[in-house]
């Protein structure tokens, strides 16, 4: 009796393992456990990309660099404090002759002018009172340069967001193609069983069985290719996001109608809207203003520079010094009359750079206009394709149903069924392509306008 129980348990284990293996074979390990994983949505993809993409992190460091340059420029307006300790030794001790104040004649006495060996401990301070506008304009130039870095960071983030959006929709499209390929294989296998049954009863010749077997083999090859394309789409998305996603999220096959619940719309006067929103325009304008400020800063060097300095020190032959305790304060004005035209050259360079940016700005506006109009045309064409592809799917489904029924009644041919199935699969793939290309075109339009996904939802 115990042996029977063991046999039953063994058979139950074998049956369970066979069922598990068949599930892995038919669905794959990812699909068996996919229902336990969270759904991968576009908002989740964008959140992960924002946190993990190294390009965004690298662009943010440029803002930190620009902020540090602002602090460096501001430091020129602050006083500097130095502490020094020096040792000095001369060949002979310094002595100065003494003169009689009443007669003006030299006496035989000498006054000690310093130490032959000396230690000096001092604290000094210097402060720029007036720079001719050089420091102030340099600070403003660096602040504008920081705005350039911030605008470039924003555009980089938009570029990465657009890449992630495109990769996400391409992944969904590849998943749809994979599901259609699985459906095609299932339909081919069902048709093969029907043809095989007809052949066993002598209704159809052998060549029809062979032809359907070829169709089944082709469907298997298409499924393998679709699986490979899906795996590559996962890799592309992970490359953009900066982290692994496959095996951590599941894809929910979306019906085309659910993706089209939001109407595709084009804003009024999109080119003007892009001119206002595109970060590159703001970056170039800030870069031009920064260059003009650098030109003013260069010309400020031609004006007088007034410097306040002070020092408190102790001097002695021995260490620590304490024999002589003194301090001094001085105000100095320096006016560079000639520097080999260095300041003029720096100013001319900055002005030329500002003019270069101005021409670049005009070229950028023309490029933006082209990008926006091209994105609109692409979106309009994709939307038109959706309606055509949707009607194509409905007609192809009806055609396949009729061809299958006609063949079952032996009033239609096997070729009609095969051709109708191919047309149905192509129609479904065309509809999927049209839907996701429309979503990608919409994302490209938002990118051309300079709007992020968050800004688009808030608007």
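The values are calculated or read from the model by the stated rules, or taken from the named source; none is laboratory data. Keep in mind it's a predicted model, so treat the numbers as computed, not measured. Every residue, glycine as well, gets a Cβ built from its backbone with ideal geometry; the counts of neighbours run over all protein chains shown.
Exactly one of these conditions fails for residue 162: (1) in contact (Cβ under 8 Å) with a residue 12 or more places away in the chain; (2) more than 30 Å from residue 287 (Cα to Cα). Give me its number.
(2)
What do you reckon, is residue 230 touching a residue at least 60 places away in the same chain (Cβ under 8 Å), within 22 Å of residue 48 (Cβ to Cβ) and in a helix (DSSP H, G or I)?
no
Condition first: at pLDDT 50 or above, surrounded by 10 or more Cβ atoms within 10 Å (Cβ to Cβ) and either touching a helix residue (DSSP H, G or I) at 6+ places or on another chain (Cβ under 6 Å) or not in a helix (DSSP H, G or I) (or both). Can you find one or more residues in the range 9-26 that meet it?
Within the range 9-26, not a single residue is at pLDDT 50 or above, surrounded by 10 or more Cβ atoms within 10 Å (Cβ to Cβ) and either touching a helix residue (DSSP H, G or I) at 6+ places or on another chain (Cβ under 6 Å) or not in a helix (DSSP H, G or I) (or both).
For the range 295-345, which residues satisfy the criterion of being in contact with a helix residue (DSSP H, G or I) (Cβ under 9 Å, 6 or more places away or on another chain), crowded, with 16+ Cβ neighbours inside 10 Å and either modelled with pLDDT of 85 or more or farther than 27 Å from residue 82 by Cβ (or both)?
Across the range 295-345, the qualifying residues are 295, 296, 297, 298, 299, 302, 305, 343.
Residues of the range 425-447 being touching a residue at least 60 places away in the same chain (Cβ under 8 Å) and over 28 Å from residue 160 (Cα atoms), which ones?
Listed by number, the residues that qualify are 425, 428.
This table checks each residue for (1) part of a helix (DSSP H, G or I); (2) surrounded by 10 or more Cβ atoms within 10 Å (Cβ to Cβ); (3) modelled with pLDDT under 90.
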{"residue": "61", "(1), (2), (3)": "yes, yes, no"}
{"residue": "82", "(1), (2), (3)": "no, yes, no"}
{"residue": "88", "(1), (2), (3)": "no, yes, yes"}
{"residue": "128", "(1), (2), (3)": "no, yes, yes"}
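Quickly run through the range 197-209 and pick out the residues that are touching a helix residue (DSSP H, G or I) at 6+ places or on another chain (Cβ under 8 Å) and either more than 17 Å from residue 415 (Cβ to Cβ) or in a loop (DSSP other than H, G, I, E, B) (or both).
204, 205
Filtering the range 63-78 down to residues that are assigned to a helix (DSSP H, G or I) and touching a strand residue (DSSP E or B) at 6+ places or on another chain (Cβ under 9 Å), which residue is surrounded by the most Cβ atoms within 10 Å (Cβ to Cβ)?
Ranking the candidates gives 76 first.
Would you please name the residue that is nearest to the chain's Cα centre (by Cα), looking only at residues in the range 399-440 that are over 22 Å from residue 223 (Cα atoms) and buried (at least 22 other Cβ atoms within 10 Å of the Cβ)?
It comes out as 439.
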